[in-house]
1. How many residues does the range 20-40 contain that are part of a loop (DSSP other than H, G, I, E, B), touching a Phe, Trp or Tyr at 6+ places or on another chain (Cβ under 9 Å) and open to solvent by 30 Å² or more (accessible area, probe 1.4 Å)?
2. What's the number of the only condition in (1) at pLDDT 95 or above; (2) out of contact with any helix residue (DSSP H, G or I) (no Cβ under 8 Å at 6 or more places or on another chain) that Leu76 fails to meet?
3. Is it fair to say Ser61 is out of contact with any helix residue (DSSP H, G or I) (no Cβ under 7 Å at 6 or more places or on another chain) and over 13 Å from Lys11 (Cα atoms)?
4. State yes or no: is Asp43 surrounded by fewer than 14 Cβ atoms within 10 Å (Cβ to Cβ) and either modelled with pLDDT of 95 or more or not in a helix (DSSP H, G or I) (or both)?
5. Could you list, in sequence order, all residues of the range 46-69 that are within 16 Å of the chain's Cα centre (by Cα) and surrounded by fewer than 16 Cβ atoms within 10 Å (Cβ to Cβ)?
6. In this structure, is Leu36 under 14 Å from Ile5 (Cβ atoms) and aliphatic (A, V, I, L, M)?
Amino acid sequence: MENKIIGQKLKELRQSIKLSQAKLCSINGHMAQSSLNRYERGDNDVPNDILLWYADYFDVSLDYIFGRTDKPQGKLYDYNPKAFDDEKMQQFVEMCFDPKSPANAKLKGMIIQLLKNNN
């Protein structure tokens with residue numbers, strides 16, 4: 001099933017700019033027309049380097065090529081991982097600075113405040 005979806009997307013991309021299989025293979029320079037024909041029919045797995053080339057050449061995401069989204073730019077995630085909770089981060093910052101140094105105390109305070117503001 002996955003090969004059929006990918007093959008259909010590859011064919012749609014090629015046809016969207018009115019290129020023949022032969023012409024697209026000529027542009028790519030490393031793909032035989034017979035291979036492209038099998039990819040588009042879903043008969044063969046498409047090698048990763050060909051998938052990446054399609055994504056770059058047609059300026060689309062791999063999510064789009066794999067049929068995971070209908071948006072050519074792909075699924076856009078608001079990825080904001082929280083590596084440490086506030087308490088652990090503060091403990092880490094405390095550990096990094098010499099408690100006897102007034103300059104370090106000031107810098108440590110500024111870093112802790114920045115971390116609080118970003119969360």
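1. Residues of the range 20-40 that are part of a loop (DSSP other than H, G, I, E, B), as a first pass: 20, 29-32.
Subsequent filtering for residues that are touching a Phe, Trp or Tyr at 6+ places or on another chain (Cβ under 9 Å) retains 30-31.
Add one more test, that the residue is open to solvent by 30 Å² or more (accessible area, probe 1.4 Å), and what stays is 30.
Total satisfying the criteria: 1.
2. Here Leu76 clears every test but (1).
3. Details: out of contact with any helix residue (DSSP H, G or I) (no Cβ under 7 Å at 6 or more places or on another chain): no; over 13 Å from Lys11 (Cα atoms): yes.
So Ser61 does not fit the description; no.
4. Details: surrounded by fewer than 14 Cβ atoms within 10 Å (Cβ to Cβ): yes; either modelled with pLDDT of 95 or more or not in a helix (DSSP H, G or I) (or both): yes.
Against the criterion (surrounded by fewer than 14 Cβ atoms within 10 Å (Cβ to Cβ) and either modelled with pLDDT of 95 or more or not in a helix (DSSP H, G or I) (or both)), Asp43 qualifies.
5. Matches in the range 46-69: Asn48, Asp49, Leu52, Asp56, Tyr57, Asp59, Leu62, Phe66, Gly67, Arg68, Thr69.
6. On the way: under 14 Å from Ile5 (Cβ atoms): no; aliphatic (A, V, I, L, M): yes.
When the stated conditions are applied, Leu36 does not pass them.
The values are calculated or read from the model by the stated rules, or taken from the named source; none is laboratory data. On a predicted model such as this, the values are computed, not experimentally measured, just so you know. Counting neighbours? That spans all protein chains shown, and the Cβs are built from the backbone with ideal geometry, glycine included. Please note that ligands, DNA and RNA were not included when accessible areas were found on the heavy atoms of the full protein model with its side chains. Shrake-Rupley method; radii C 1.70, N 1.55, O 1.52, S 1.80 Å.
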